[in-house]
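Asks: The structure's right below; bear with me while I get my questions together.
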Amino acid sequence: MTDDVKPAGPQAAPARLLAGELWWKAGVVYQVYPRSFQDTNGDGVGDIKGVTARLDYLAWLGVDALWLSPVCRSPMADYGYDVSDYCDIDPLFGTLADFDALVAEAHRRRLRVIMDFVPNHTSEEHPWFREARASRDNPKRDWYIWRDPAADGGPPNNWISNFGGPAWTLDPATGQYYYHAFLREQPDLNWRNPQVRAAMMDVLRFWLDRGVDGFRVDVIWHLMKDGLLRDNPVNPDYRPGEPEINSLLQIHSADQPEVMQVIAEMRAVLDAYDARVLIGEIYLPLERLVAYYGTDLSGAHLPFNFQLIQTPWHAKAVADLVAEYEAALPAGGWPNWVLGNHDQPRIAARVGDAQGRVAAVLLLTLRGTPTLYYGDEIGLGRVPIPPERVRDPWEHNEPGRGRDPERTPMQWVPGPHAGFSTVEPWLPLDPQAQTGNVETLRDNPTSILTLHRRLIALRREHPALSIGAYRAVSVSGDVLVYERWHGDEVVRVALNFGHEACTTEVPPESGWEVLLSSAGGRRGEGPQDGYFALAGDEALVLVRRAPGAEG
Ligand code: GLC
């Protein structure tokens, strides 16, 4: 796909916003969890043809790129995050031809496709690991992390799996332990081995040559471990009830300085192609997160910023977070924001339906690339999962931690199985699927879906929102106010994080009016005596039109 093609249709972005790297700066990324998007072959699990069938919806919604959670060959111990062939599509999802058709059809609609790349670990069924475990002197042995047992026969160090329990599993045939940061079915690759690096760079090229527009790199901060595999120190702040992984400080098992070189190598591979994006999954405190932009921005274009997921939902806390993040960004580093993904309770489950609307306005008006998680735009919340339908292995290891509630099927129509499938889906539907679905919500002017679509459209209409600068205005009680501006245009956002009605003051210059209310309506409304009313749980996007400006 070239960047200079003139987009067609009223929803399309101005061509200049699509040029070069601007597509991933100005655009909105939409995460598709393919198992749960659209089933076309009647097995209760979504597939690639299903994603292709729904591209018109994504174009209608107005997003710019879709990120597909893993679709490569996998035994599905961790639902695709355990890859057994990086260069093929799992038959559950379809074929390489289906994938190529998806990319072509997406590009035809000016939608970019971002793949999930899972380089930290393979499946235990990957041929590399089968070879590695065959004998101690197998040429692939060093592609993984093997160590002799400790003196007492136990694991080589105290590292814990992110899903609970030890991170080492003994291979009785060869008498050594292998390391796995996640399930025992997900052995970690040894990224200190140059052959591993070369093989994985070839995987990137394989998909880039097929036309993918970038990668979201799974647990990128995990790739390098301490060379000496030293014990992690105990976390003095650990509170019982937290996931077991938090009982140790992960200072030796992840976030090692050498990882930056690996990421720079990935970037160099992408940079040999035109305008591709590298996104990194990183759960680290802000000051460490921003290091992943790399020296002279040689790292990830977008180190995923999950801080909104971890910050208390209060005006002041969010204001402080935005200020800290903006201040921490390296020169030229482009920000990004995430409200949810397939590993985190959904935003509506965390803050409630009413504040979920405020959250949508926040996500889509802050400075930086927003990533929208499928289903959030129809207000999916925490879907109850009866015990017999639990699928996530983490729930089996550590009850209460499971991620099934945020992975349930997309809801398209009020009919059977919400139009997701013709059979009972792999995970249950939201009991409110009869009303909470695309068909029911799309023509409702006050629905959460309409809100998302209008916000995305506003970003296209107002460069102040997509690429403009940011400045904090005020935080007072429950109300957070900030501005975005570009050229002559100033857009002001006022978010009421509380349930009580209040007001927000605007500067005395004339020309302020409402562009959007999270509750619907109000467009074009002006201030009264210098104030706009804000209902409880309401967010307003205001614009100040320069005198004489059209619009
Ligand atoms: C990432 C994925 C998560 C997966 C884990 C192991 O955190 O987002 O779903 O379980 O990596 O691959």
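Asks: Please give the Cα centre distance for the stretch 367-416 versus the stretch 293-329, rounded to the nearest Å.
Replies: 25
Asks: Based on the alpha-carbon gyration tensor of the stretch 127-179 and its eigenvalue square roots a ≥ b ≥ c, which shape applies: rounded if a/c is under 1.5, prolate if not and a/b is larger than b/c, or oblate?
Replies: Working: a/c = 2.44, a/b = 1.49, b/c = 1.64.
Judged from the Cα gyration tensor, the stretch 127-179 comes out oblate (a/c at least 1.5, b/c at or above a/b).
Asks: Please give the contour-minus-distance gain from Thr311 to Asp274: 0.36 nm per residue of separation, less the Cα-Cα distance, rounded to one decimal in nm.
Replies: Additional length available on full extension: 9.7 nm.
Asks: What does the accessible area of Cys87 come to, in Å² to the nearest 10, when a probe of 1.4 Å is used?
Replies: Per-residue accessible area (Cys87): approximately 40 Å².
Asks: Which whole-Hz ³J(HN,Hα) couplings does the stretch 531-543 yield from phi under the Karplus relation 6.51 cos²θ - 1.76 cosθ + 1.60, θ = phi - 60°, glycine and proline marked x?
Replies: Here the 3J(HN,Hα) series is 10, 10, 6, 10, 6, x, 6, 9, 10, 10, 10, 10, 10 Hz.
Asks: Would you mind estimating how fast the chain diffuses translationally, via Stokes-Einstein at 25 °C and 0.890 mPa s with the Kirkwood radius over Cα pairs, in µm²/s? Walk me through the numbers on the way to the answer.
Replies: Numbers: Rh = 24.5 Å.
Answer, rounded: 100 µm²/s.
Asks: Tell me, what is the 1.4 Å probe accessible area of Leu441, in Å² to the nearest 10?
Replies: 20
Asks: Suppose accessible area is computed on protein heavy atoms with a 1.4 Å probe; arrange Thr295, Thr503 from highest to lowest.
Replies: The most accessible residue leads, giving Thr295, Thr503.
Asks: On the full set of protein chains, 1.4 Å probe, figure out the accessible area of Lys49 and give it in Å² to the nearest 10.
Replies: Ignoring ligands and nucleic acids, Lys49 comes out at about 120 Å².
Asks: Percent relative contact order of the stretch 469-545, based on C-alpha pairs within less than 8 angstrom and at least six residues apart?
Replies: It rounds to 32 percent for the stretch 469-545.
Asks: Probe radius 1.4 Å, ligands and nucleic acids left out: which of Met260, Met224, Met76 has the largest accessible area, and how do the rest follow?
Replies: Output order, biggest surface exposure first: Met260, Met76, Met224.
Asks: In addition: Rounded to whole Hz and in sequence order, give me ³J(HN,Hα) for the stretch 185-193 from the Karplus expression 6.51 cos²θ - 1.76 cosθ + 1.60, θ = phi - 60°, writing x for Gly and Pro.
Replies: Coupling constants for the stretch 185-193: 7, 10, x, 6, 6, 9, 6, 7, 8 Hz.
Asks: Let me ask something else. What residues have an amide H closer than 5 Å to that of Leu534, excluding those fewer than 5 places away on the same chain, when H is modeled at 1.01 Å from N in the peptide plane?
Replies: Here Cys502, Thr503, Thr504 satisfy the definition.
Asks: Compute the signed sum of charges (Lys and Arg +1, Asp and Glu -1) over the other residues within less than 13 Å, Cβ to Cβ, of Ser135. Provide the component values of the computation, followed by the final result.
Replies: Values: positive: Arg130, Arg133, Arg136, Lys140, Arg141; negative: Glu131, Asp137, Asp142, Asp171.
Net charge around Ser135: +1.
Asks: Leaving ligands, DNA and RNA out of it, rank His252, His417 by accessible area with a 1.4 Å probe, largest first. All intermediate terms of the calculation are to be shown ahead of the outcome.
Replies: Details: His252 30, His417 50 Å².
Of His252, His417, the descending order of accessible area is His417, His252.
Asks: For the stretch 127-179, calculate the relative contact order in percent as a whole number, restricting contacts to Cα pairs under 8 Å that are 6 or more residues apart. Spell out each step's value before the answer.
Replies: On the way: 75 pairs, mean separation 16.3, N = 53.
This gives 31 percent for the stretch 127-179.
Asks: Further question: Can you list the residues, at least 5 places off or on another chain, whose amide H is less than 5 Å from the amide H of Ser161, using H built in the peptide plane?
Replies: Ala167
Asks: State to the nearest 20 debye the size of the charge dipole of the stretch 270-368 about its Cα centre, where the only charges are +1 on K and R beta carbons and -1 on D and E beta carbons. Could the numbers behind the result be given before it?
Replies: Working: 7 positive and 10 negative charges, 76 e Å.
Value, rounded to 20: 360 debye.
Asks: Under the Karplus relation 6.51 cos²θ - 1.76 cosθ + 1.60, θ = phi - 60°, what is the ordered set of whole-Hz ³J(HN,Hα) values for the stretch 460-467, x standing for Gly and Pro?
Replies: Rounded to whole hertz, the list is 6, 6, 10, x, 3, 7, 8, 10.
Asks: Give the accessible surface of the chain per residue, rounded to a whole number of Å², with probe radius 1.4 Å and ligands, DNA and RNA excluded. Spell out each step's value before the answer.
Replies: Working: 20640 Å² over 551 residues.
Roughly 37 Å² per residue, with all protein chains present.
Asks: I've got another one for you. In nm, what is the difference between 0.36 nm times the number of residues separating Thr450 and Asn193 and their Cα-Cα distance?
Replies: Working: separation 257, 0.36 × 257 = 92.52 nm, distance 5.00 nm.
Extending this stretch completely gives an extra 87.5 nm.
Asks: What does the charge count around Ala327 come to, taking other residues whose C-beta lies under 13 Å from its C-beta (Lys +1, Arg +1, Asp -1, Glu -1)? Mind showing how you got there, number by number?
Replies: Numbers: positive: Arg367, Arg471; negative: Glu287, Asp320, Glu324, Glu326.
Residues near Ala327 contribute -2 overall.
Asks: Right, something else. For Leu111, enumerate residues with amide H under 5 Å from its amide H, sequence gap 5+ or separate chain, H modeled in the peptide plane.
Replies: When sequence neighbours closer than 5 places are left aside, there are no close amide H contacts.
Asks: When only C-alpha pairs under 8 Å and at least 6 residues apart count, what is the relative contact order of the chain, in percent? Could you put the intermediate results ahead of the total?
Replies: Numbers: 1160 pairs, mean separation 66.3, N = 551.
For the chain, the relative contact order is 12 percent.
Asks: How many angstrom separate the Cα center of the stretch 170-189 from the Cα center of the stretch 98-130?
Replies: Taking the Cα centre of each part, the stretch 170-189 and the stretch 98-130 sit 25 Å apart.
Asks: Report the local net charge at Glu500: Lys and Arg +1, Asp and Glu -1, summed over other residues whose C-beta lies under 11 Å from its C-beta.
Replies: On the way: positive: none; negative: Asp478, Asp537, Glu538.
Charge balance near Glu500 sits at -3.
Asks: Continuing with this model, one more query. Binning at 10 angstrom from zero up to the longest distance, how are the C-alpha pair distances of the stretch 469-545 distributed in percent?
Replies: Spelled out per bin, shortest first, that is 20, 58, 21, 1.
Asks: Separate question: Report the chymotrypsin sites (Phe, Trp or Tyr not before Pro) located in the stretch 145-249 that are in a DSSP loop and have at most 16 other Cβ atoms inside 10 Å of their Cβ, or state none. Could the numbers behind the result be given before it?
Replies: On the way: sites: Trp146, Trp159, Phe163, Trp168, Tyr177, Tyr178, Tyr179, Phe182, Trp191, Phe206, Trp207, Phe215, Trp221, Tyr238; in loops: Trp159, Phe163, Phe182, Trp191, Tyr238.
Passing both the DSSP loop test and the Cβ count: Tyr238.
Asks: Can you give the extra length, in nm with one decimal, that the chain gains between Arg442 and Asp152 once fully stretched, where that is 0.36 nm per residue apart less the Cα-Cα distance? Display every interim value, and only then the final one.
Replies: Working: separation 290, 0.36 × 290 = 104.40 nm, distance 6.27 nm.
This chain segment gains 98.1 nm when fully extended.
Asks: Oh, and also: How long are the semi-axes of the ellipsoid equivalent to the stretch 205-285, from square roots of 5 times the Cα gyration tensor eigenvalues, in whole Å, largest first?
Replies: Values: eigenvalues 212, 42, 14 Å².
The answer is 33, 14, 8 Å, longest axis first.
The values are calculated or read from the model by the stated rules, or taken from the named source; none is laboratory data. These numbers were taken from a predicted model, which means no experiment stands behind them. Don't worry about glycine lacking a Cβ; one is built from the backbone with ideal geometry, like all the others, and counts go over all protein chains shown. SASA here: full protein model, heavy atoms, side chains in, ligands and nucleic acids out. Shrake-Rupley method; radii C 1.70, N 1.55, O 1.52, S 1.80 Å.
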